[in-house]
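Here's the structure, in structure tokens; my notes come after.
The values are calculated or read from the model by the stated rules, or taken from the named source; none is laboratory data. In this text, all values refer to a predicted model and were calculated from it rather than measured experimentally. Backbone-built Cβ (ideal geometry, glycine too); neighbour counts: all protein chains shown. Each accessible area value is taken on the protein alone, full model and side chains, heavy atoms only, with ligands, DNA and RNA left out. Shrake-Rupley method; radii C 1.70, N 1.55, O 1.52, S 1.80 Å.
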Amino acid sequence: MLFLSALFLVFFSSCSQHEIVSEQNQYTLWYRHPATNWDEALPIGNGRLGAMIFGGPAEGRLQLNEETLWSGGPNNNIKPGMRKTIPVIRKLLFEKKYKEAQQIADTMMKDKPNNGMAYQPVGDLLISFPGHEDFHDYRRSLDISKAVASVSYQVGEVAFKREIFSSFPDQVIVVRLTADKPGQITCQLKMNSPLKHQVTTTTDHALALSGISGDLEGQSGKVKFSAQVKVKTTGGESEVTDSSIAIKNADTAVIYVSVATNFKNYHDLSADEAGKATKYLKAAWNKSYDRLLSDQVAAYRSYFDRVHLDLGATDSARNPTDVRINDFSKGNDPQLAALYFQFGRYLLICSSQPGGQPPTLQGIWNDRVHPPWDSKYTININTEMNYWPTEAANLSELIEPLTHMVEDLSVTGRESAKEIYGARGWMLHHNTDIWRITGPVDGAFSGLWPSGGAWLCQGLWQHYLFTGDQQYLQKIYPLIKGAATYFVDELQEDPENHWLVVSPSISPEHAYQKGVSVTAGATMDNQIVFDLFSEVIDASRILGRDPLFADTLRQKRDRLPPMQIGRYSQLQEWMYDWDDTSDHHRHVSHLYGLYPSNQISPYRTPKLFEAAKNSLLYRGDPSTGWSMAWKINLWARLLDGNHVLKLIKDQLNPAISPDGKRHGGTFPNMFDAHPPFQIDGNFGYTAGVAEMLLQSQDGFIFILPALPDEWSNGSYHGLLARGGFKIDATWRDGKLSKLTVYSSLGGNCRLRVYHKIKGSNIALKVAKGKNPNPFYEVPAIKTPLVSDEAHLKPVALKESHLYDFDTKPGERYSFEAL
């Protein structure tokens, strides 16, 4: 009897956990109240066209964005005369006259043409419902498994519902209004915009909002936009006036929203914005709502359904999302951590589609004419972080907008290379915008950093390593070669050590003396140039091109400064030992070599591994949202899953305190908070969770390298590893139980696992020597220089096992725990 009772309890407990997830959809964000501000509204998007859903019963607001609506027009921001000053700054730096170098750099960068243009909102679609002020049983939600938002509530005895999505195949936003009783849909639609605009009607009975982008820093707004709204009702009637659409006593109403601009590319604004918007609208109008919805879900799911992550669920999963965020750090809600991972994938799918623009600092969602940092592209970490999850999280095609932007920058960046530095090739600094500016932005303290183009190239190279796509490699080779050519010309010989260094530069946004950032030979620059040269050398060999140029790069790579370990046993951020252990700056730029690069390894470079860990400990955990996301990835590479989970709890923490103060964390709508909202923190988090569960940068595929104790049971399906491998894994009690490897390219697969495994359909052998798989080539770095005062602790790594097996393209291989 006791046995049966215990068995019943186990069964009931198991069923309850399943019901927790199925009853409250594991992919749904939901709330019991309308959004009271933008940081509570829910985002939808199709790559090009975005909206924030507020969900007010009496007034429904859709705040609209279109990815090409920016202030200004085609331009570059090269300031004449800078080329004459650069040698002066270099000379002062090598003479160690750092303050003087900073002063001259500051003067040189005053009164620039512009600091970049701003990403701007289209405006609002407002839907007012008379008599809906008194409502109950309210629910607002976003199902990220379908990319559909909904709002439901009751007024009296009538239940109302709205469904909203931004269609990927049809390029319109669709809103369906329904009620559980006929003739209940009565509302009025209006449009407005914070930009210069007018509202009219079209000959096709659509409400039209037309306008032009704003002026900024001497640049006149030249992007024209057209937003058109049309309604299809069942029952009742609708009337279009000069300024609104009135719907009366309808059974259902379907609202079609189309937006377009005159943007063709960064130097051409000759498109017909009204014609484009009308074309989208007419094509969608001919489809039923059910067809629009089914096409939308199918197109979206072709991306989203590739990856599944199960970390278990607790009773907390029953709660509204804002409550779960508030409680996450206080308890155990692993399903919210999984939802946040998938929410990052959702945002990437919705803001980075082939043929479009890369996501900005805020993706495609922004409600301000003058957004923070202009909501443009910050290239000293943020734009790169936007694409960190692309490969591992199985969204490889979504790299295309970034690739296309780099193609543009390789053209506009030639002007900066030549006119500012007297160099060949191409480059850009720490910011750009839709017009692909490449000159310095802001003052010298943060803007005199010439390595932005090189870092962007790293993301393109990673796409090749994951996919093995040689056609893509052919496409990007001129881009990475041009970026390397710039540094061939720009590198300067340090007179003290005779190293080749980037000068002038900075360690992004950070000072080594009060008010002084401009330097030579910053560690991050050395690491980035090392990666860039190595990538071009490898690409040259693979493609059989430019052997002499590759030889030049080898010679110059050998003369780059080694990484150095300073007196505090830390990885030095600068060429000299200037680090301060009390420094908690948000940028950890010198740890680029640990992540996203692979120059620092627990197995190949244990001293650097320990020094990087010390640097991260000194810098501390609390920070802005995106910085915490970077640290999640860094601690995952340090193989410390429990520390990663501590950071996850810091990031998945309310960004707004009870006293109203804002800080790094997460807003109620799951947007990451710098604050304000910056989407890179969301993307960085998703990449970080992937790094906890699967790594492939160190010459092998590491399964569950940084699993925290609290995530003792779980599974994932569809994560990607370099060399064309797709991985499924299941673990129980913290131990890998099942593993499946899918090979798309074939070749040797080298696995590292913490517990021994056996193959179900293939024999494993103990791995020895170098991995023969060419996608796992790891270039040797220079032996680090270690300060006499450094006291590095020996690296204590958890015991692991290394296996090899041969794969064939298209085959699947299964393993289980011994």
Given the conditions (1) more than 20 Å from Gln651 (Cβ to Cβ); (2) more than 23 Å from the chain's Cα centre (by Cα); (3) outside any strand (DSSP E or B); (4) of a type outside the set (Gly, Ala, Ser), report the number of the one that Leu736 does not fulfil. (3)
State whether the residues of the stretch 652-663 include one that is surrounded by fewer than 24 Cβ atoms within 10 Å (Cβ to Cβ), closer than 26 Å to Ser446 by Cα and not hydrophobic (A, V, I, L, M, F, W, C). yes
Hits in the stretch 676-726 - residues which are closer than 30 Å to Pro371 by Cα and hydrophobic (A, V, I, L, M, F, W, C): Phe677, Ile679, Phe683, Ala687, Val689
Within the stretch 641-699, take every residue that is in a helix (DSSP H, G or I) and among the polar types (S, T, N, Q) and give me the one that is farthest from Pro772 (Cα to Cα). Gln651
Restricting to the stretch 211-226, name every residue that is among the hydrophobic types (A, V, I, L, M, F, W, C) and in a loop (DSSP other than H, G, I, E, B). Val223
Would the stretch 175-196 turn up any residue that is under 25 Å from Thr241 (Cα atoms), touching a residue at least 24 places away in the same chain (Cβ under 8 Å) and in contact with a helix residue (DSSP H, G or I) (Cβ under 9 Å, 6 or more places away or on another chain)? yes
Just one of the numbered conditions (1) modelled with pLDDT of 95 or more; (2) in a loop (DSSP other than H, G, I, E, B); (3) open to solvent by 10 Å² or more (accessible area, probe 1.4 Å); (4) over 26 Å from Ile127 (Cα atoms) is not true of Ala35; which one? (4)
Odd one out for Leu645, checked against (1) surrounded by fewer than 24 Cβ atoms within 10 Å (Cβ to Cβ); (2) modelled with pLDDT of 95 or more; (3) on the phi > 0 side of the Ramachandran plot: (3)
Is it fair to say Lys79 is at negative phi and either in a helix (DSSP H, G or I) or open to solvent by 10 Å² or more (accessible area, probe 1.4 Å) (or both)? yes
Among helices (runs of 4 or more DSSP H) completely within the stretch 508-621, the ones holding 2 or more residues that are surrounded by fewer than 23 Cβ atoms within 10 Å (Cβ to Cβ) and touching a Pro at 6+ places or on another chain (Cβ under 9 Å) are 523-543, 606-619
Within the stretch 622-642, can you find the residues that are modelled with pLDDT of 95 or more and open to solvent by 40 Å² or more (accessible area, probe 1.4 Å)? Asp640, Asn642
Out of (1) over 30 Å from Glu133 (Cα atoms); (2) open to solvent by 70 Å² or more (accessible area, probe 1.4 Å); (3) at pLDDT below 95, the one Asp242 does not meet is (1)
From the residues in the stretch 201-230 that are open to solvent by 50 Å² or more (accessible area, probe 1.4 Å) and in contact (Cβ under 8 Å) with a residue 60 or more places away in the chain, which one is farthest from Ser375 (Cα to Cα)? Asp204
Inside the stretch 135-163, the number of residues satisfying the requirement of being in contact with a strand residue (DSSP E or B) (Cβ under 7 Å, 6 or more places away or on another chain), surrounded by fewer than 24 Cβ atoms within 10 Å (Cβ to Cβ) and either closer than 22 Å to Asn319 by Cα or of a type outside the set (Phe, Trp, Tyr) (or both) is 17
Only residues in the stretch 525-538 that are within 13 Å of Lys556 (Cα to Cα) count as the first member; pair them with residues that are polar (S, T, N, Q) and assigned to a helix (DSSP H, G or I), Cβ under 7 angstrom, at least 6 apart or cross-chain, and list the lot. Asp531/Gln458
